[in-house]
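Colleague: Just dropping this structure here.
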Amino acid sequence: MTASSVLRGIGVSPGVAYGPAVIVRLDFPEVPDRGVPPEAVEGEVARLHEAVHHVVGSLEALRDRVAQRAGEEESRIFDAQILMVGDMEFLASVELLIRNNFLSAETAYEFKALELRSLWADSGSARLRERMADLTAIQRRVLHRLLGKPDKDENEWSSAELDEQVIIIAHELSPGLTVQLDRERVVGLISEEGTRTAHAAILAHSLGIPAVMGVSGALDRIKGGTVLLLDGQSGTILIEPSRHDLEAAKSHMARRHRLELEMDAAASEPAATPDGRVLTLMSNVDLPEEIEPAVRHGAQGVGLLRTEFLITGRATLPTEDEQTAYFQRVARAFRRHPVVIRSFDLGGDKFPAAFQAPHEANPFLGWRSIRVCLDQPEIFRPQLRAVLRAAVDRDLQLMLPLVTQVEEVTRAREMMLEEAAALARAGIPAADRVPIGAMVETPAAVLMADHLAEVCDFFSVGTNDLTQYTMAVDRGNARLADRFMPHHPAVLRQLRTVLEAGKAAGISVGICGEMASEPITVVLLMGLGFTQLSVSPPALPLVKWVIRSVQAEAADRAALTALGLRTADEVVRLLRETVASHLDIRLLDPHGALPGRGLSASFPSPTITITD
Ligand code: PEP
Ligand code: MG
């Protein structure tokens with residue numbers, strides 16, 4: 001394997017894909033510079049509005065198709081595009097240009113479109129750059145309409161014409177193109193632009209198409225027809241893989257497939273070690289389409305229901321009714337099992353458009369999470385009411401993110417009781433309270449865990465943030481990825497402290513950070529004494545397999561040793577050895593056949609770090 005035959009980008013949708021490359025160029029159409037006589041000006045303005053109206057109609061139709069194919073929430077991506085295309089201020093500037101300079105509608109529109117694009121590109125705002133693919137897509141649609149070109153989805157390309165399974169490569173993937181891809185024919189996606197939070201990435205993930213984005217120079221390096229092997233988890237692409245690469249990937253995938261069948265069969269079996277320790281294995285749910293796989297993989301409830309998705313891609317906050325309906329839907333899916341709803345965790349790396357936050361120099365140390373909810377009752381109170389309403393006859397619980405002070409929990413509880421009383425007065429069916437827990441994800445919460453436990457009904461440890469704040473390492477900074485160490489003994493010691501405080505107070509202590517989704521680390525958590533894990537849906541089968549394969553007694557010994565070690569590397573090595581003595585450790589890495597991919601000691605940010 002030569003270095004030149006490997007490309008790397010950001011793995012945004014997991015899975016392995018193999019096939020020839022098809023290059024898709026979604027270029028802007030050629031727009032001739034065309035002036036018009038003064039008497040034609042009003043006609044051009046009317047044409048502009050007709051084109052916008054037409055595009056709004058196509059986007060609405062697309063939104064409805066997406067709602068059926070990928071889900072209601074995903075379809076809201078197109079609501080954001082509809083708002084963009086009808087932006088009054090922008091359209092007024094195009095009208096002015098038509099009138100003042102006697103230009104055709106397409107010439108004026110293209111001029112203003114380019115101006116806006118370069119403004120966004122130079123703005124330095126990650127939020128605007130992230131939405132660039134959406135802007136380009138709607139501008140292309142309007143120009144195509146004005147030029148009288150056909151208005152197929154994304155205009156000139158459709159996967160229906162493919163007669164073999166291919167991997168699509170584009171400079172930039174728009175959500176509209178991504179969502180209309182035929183999953184049977186398009187087995188992988190690559191783009192030069194984009195990150196995990198791009199709308200196209202979110203849709204690829206929802207549709208289950210492996211995808212790698214941010215691969216700079218991909219179009220120069222890969223010609224149409226070149227055979228590729230792509231790993232949507234690690235972000236690795238092999239160009240013209242050798243027979244050996246392919247055989248290794250295939251045999252790895254075959255062994256994994258056999259294991260997957262075994263794991264499927266164990267979905268309804270308990271998460272118990274061979275020597276009889278029983279754990280509760282729950283699922284994290286970030287997006288609605290994760291509900292089904294979580295149930296299918298036998299999750300015993302939801303240990304972390306991320307709610308930010310309800311806001312993402314929308315211009316307005318979700319209503320109380322919408323939230324109630326979503327919580328009821330999740331509760332119904334998990335029947336008798338508990339569902340732990342996390343209040344909005346806004347700020348930090350999550351800035352949906354509907355959340356108007358001031359610019360801050362250090363957003364992770366800023367106005368975020370529970371701080372926002374307590375300061376903005378108009379955001380928090382409807383959510384509290386929705387939880388209470390959905391909790392009638394259901395085991396719903398409320399979890400507060402980023403708690404650092406006892407008063408945050410007591411104030412949230414007061415607000416919940418106030419809302420419960422208001423609902424009762426209004427005669428609206430609702431629970432009179434739900435259990436309230438704190439996410440332990442700051443060193444302050446760990447150090448105060450004994451007192452926090454006095455005001456909490458449960459704890460859940462968020463190891464992503466706990467690692468970030470303990471190691472003083474920004475969890476989203478790629479340059480510091482090697483220094484983001486959940487296995488650092490400084491983190492492990494805190495895990496022990498939290499568990500002891502919870503045990504002393506008689507409240508449960510779960511773990512919902514990504515550490516619990518990493519199979520080798522499960523052994524450590526089990527050995528430390530955690531019996532309630534909440535993991536991402538795809539990780540459920542492997543985590544259960546590890547629990548069912550490793551003796552609890554070996555896990556206890558490993559955890560005790562780990563607590564005395566000095567470095568994260570030593571801890572990871574110890575865990576690997578412990579796991580390897582119980583099962584074929586290579587099978588824990590779903591994509592182990594591709595170079596540059598091993599079980600890592602650090603984790604990517606979860607999928608729901610969305611900015612729009
Ligand atoms: C965490 O911080 O570990 C966590 C589970 O929350 P999030 O990743 O959403 O911040
Ligand atoms: Mg967190």
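The values are calculated or read from the model by the stated rules, or taken from the named source; none is laboratory data. Note that the structure is predicted; figures quoted are calculated from it, not measured. Using ideal geometry, Cβ is built from the backbone for each residue, glycine included, and neighbour counts are taken over all protein chains shown. Each accessible area value is taken on the protein alone, full model and side chains, heavy atoms only, with ligands, DNA and RNA left out. Shrake-Rupley method; radii C 1.70, N 1.55, O 1.52, S 1.80 Å.
Colleague: I'm checking my understanding of the structure. Among residues of region 409-448 that are within 16 Å of ligand 1 (Cβ to nearest atom) and part of a helix (DSSP H, G or I), which one is nearest to Thr497 (Cα to Cα)?
Modeller: Selected residue: Val446.
Colleague: A further question on this structure: Within region 276-291, identify whether any single residue is basic (Lys, Arg), closer than 30 Å to Gln405 by Cβ and more than 16 Å from ligand 2 (Cβ to nearest atom), and answer yes or no.
Modeller: No, the conditions are met nowhere in region 276-291.
Colleague: Out of all the residues in region 326-338, is one or more within 16 Å of ligand 2 (Cβ to nearest atom), open to solvent by less than 10 Å² (accessible area, probe 1.4 Å) and touching a Lys or Arg at 6+ places or on another chain (Cβ under 7 Å)?
Modeller: No: region 326-338 contains no residue that is within 16 Å of ligand 2 (Cβ to nearest atom), open to solvent by less than 10 Å² (accessible area, probe 1.4 Å) and touching a Lys or Arg at 6+ places or on another chain (Cβ under 7 Å).
Colleague: Of the residues Ala505, Ala516, Ala490, Ala501, which is touching a Ser or Thr at 6+ places or on another chain (Cβ under 7 Å), away from ligand 2 (no atom under 16 Å from the Cβ) and of a type outside the set (Asp, Glu)? Talk me through it step by step, then tell me what you get.
Modeller: Values: Ala505 fails: touching a Ser or Thr at 6+ places or on another chain (Cβ under 7 Å); Ala516 fails: away from ligand 2 (no atom under 16 Å from the Cβ); Ala501 fails: touching a Ser or Thr at 6+ places or on another chain (Cβ under 7 Å).
The match here is Ala490.
Colleague: Look through Gly235, Gly217 and report the one residue that is at positive phi and surrounded by fewer than 21 Cβ atoms within 10 Å (Cβ to Cβ).
Modeller: Gly217
Colleague: Mind checking whether some residue in region 497-508 is under 30 Å from Asp584 (Cβ atoms), open to solvent by less than 10 Å² (accessible area, probe 1.4 Å) and touching a helix residue (DSSP H, G or I) at 6+ places or on another chain (Cβ under 9 Å)?
Modeller: Among the residues of region 497-508, not one is under 30 Å from Asp584 (Cβ atoms), open to solvent by less than 10 Å² (accessible area, probe 1.4 Å) and touching a helix residue (DSSP H, G or I) at 6+ places or on another chain (Cβ under 9 Å), which makes the answer no.
Colleague: List pairs: first residue in region 453-478 and surrounded by fewer than 23 Cβ atoms within 10 Å (Cβ to Cβ), second residue assigned to a helix (DSSP H, G or I) and of a type in the set (Ser, Thr, Tyr) anywhere in the structure, Cβ distance under 7 angstrom, at least six positions apart or on different chains.
Modeller: Cβ pairs passing all conditions: Val455/Thr410.
Colleague: With the structure loaded, tell me whether His488 is open to solvent by 40 Å² or more (accessible area, probe 1.4 Å), within 16 Å of ligand 1 (Cβ to nearest atom) and in contact with a helix residue (DSSP H, G or I) (Cβ under 6 Å, 6 or more places away or on another chain) or whether it fails that test. I'd like the intermediate steps shown before the answer.
Modeller: Working: open to solvent by 40 Å² or more (accessible area, probe 1.4 Å): yes; within 16 Å of ligand 1 (Cβ to nearest atom): yes; in contact with a helix residue (DSSP H, G or I) (Cβ under 6 Å, 6 or more places away or on another chain): yes.
Answer is yes for this residue.
Colleague: Also: Under 22 Å from the mean Cα position of the chain (by Cα) and touching a residue at least 12 places away in the same chain (Cβ under 8 Å): which single residue out of Leu246, Leu287 fits that description? Outline the logic, then answer.
Modeller: Details: Leu246 fails: under 22 Å from the mean Cα position of the chain (by Cα).
One residue alone meets the criteria, Leu287.
Colleague: Are any residues in region 514-538 farther than 16 Å from Gln233 by Cβ and among the small types (Gly, Ala, Ser), and if so, which ones?
Modeller: Answer for region 514-538, where residues must be farther than 16 Å from Gln233 by Cβ and among the small types (Gly, Ala, Ser): Ala516, Gly527, Gly529, Ser534.
Colleague: Scanning region 58-113 for residues that are more than 30 Å from Phe327 (Cβ to Cβ) and among the hydroxyl-bearing types (Ser, Thr, Tyr), which turns out surrounded by the fewest Cβ atoms within 10 Å (Cβ to Cβ)?
Modeller: Ranking the candidates gives Ser93 first.
Colleague: For the list (1) out of contact with any strand residue (DSSP E or B) (no Cβ under 7 Å at 6 or more places or on another chain); (2) assigned to a helix (DSSP H, G or I); (3) more than 30 Å from Thr280 (Cβ to Cβ), I need the number of the one condition that Glu360 fails.
Modeller: So Glu360 meets the others, but not (2).
Colleague: Would a scan of region 89-99 turn up a residue that is in contact with a strand residue (DSSP E or B) (Cβ under 7 Å, 6 or more places away or on another chain), part of a helix (DSSP H, G or I) and more than 17 Å from Gly176 (Cβ to Cβ)?
Modeller: Yes, region 89-99 contains at least one residue that is in contact with a strand residue (DSSP E or B) (Cβ under 7 Å, 6 or more places away or on another chain), part of a helix (DSSP H, G or I) and more than 17 Å from Gly176 (Cβ to Cβ).
Colleague: Scan region 243-257 for residues that are open to solvent by 70 Å² or more (accessible area, probe 1.4 Å) and touching a helix residue (DSSP H, G or I) at 6+ places or on another chain (Cβ under 9 Å) and report the count.
Modeller: The total comes to 0.
Colleague: Do the conditions hold for Arg394, that is, is it part of a loop (DSSP other than H, G, I, E, B), surrounded by 17 or more Cβ atoms within 10 Å (Cβ to Cβ) and in contact (Cβ under 8 Å) with a residue 12 or more places away in the chain?
Modeller: Numbers: part of a loop (DSSP other than H, G, I, E, B): yes; surrounded by 17 or more Cβ atoms within 10 Å (Cβ to Cβ): yes; in contact (Cβ under 8 Å) with a residue 12 or more places away in the chain: yes.
Answer is yes for this residue.
Colleague: Now for a separate question. If I filter region 27-40 down to residues being open to solvent by 30 Å² or more (accessible area, probe 1.4 Å) and part of a loop (DSSP other than H, G, I, E, B), which single residue comes out as farthest from Ala137 (Cα to Cα)?
Modeller: Checking each candidate, the answer is Pro37.
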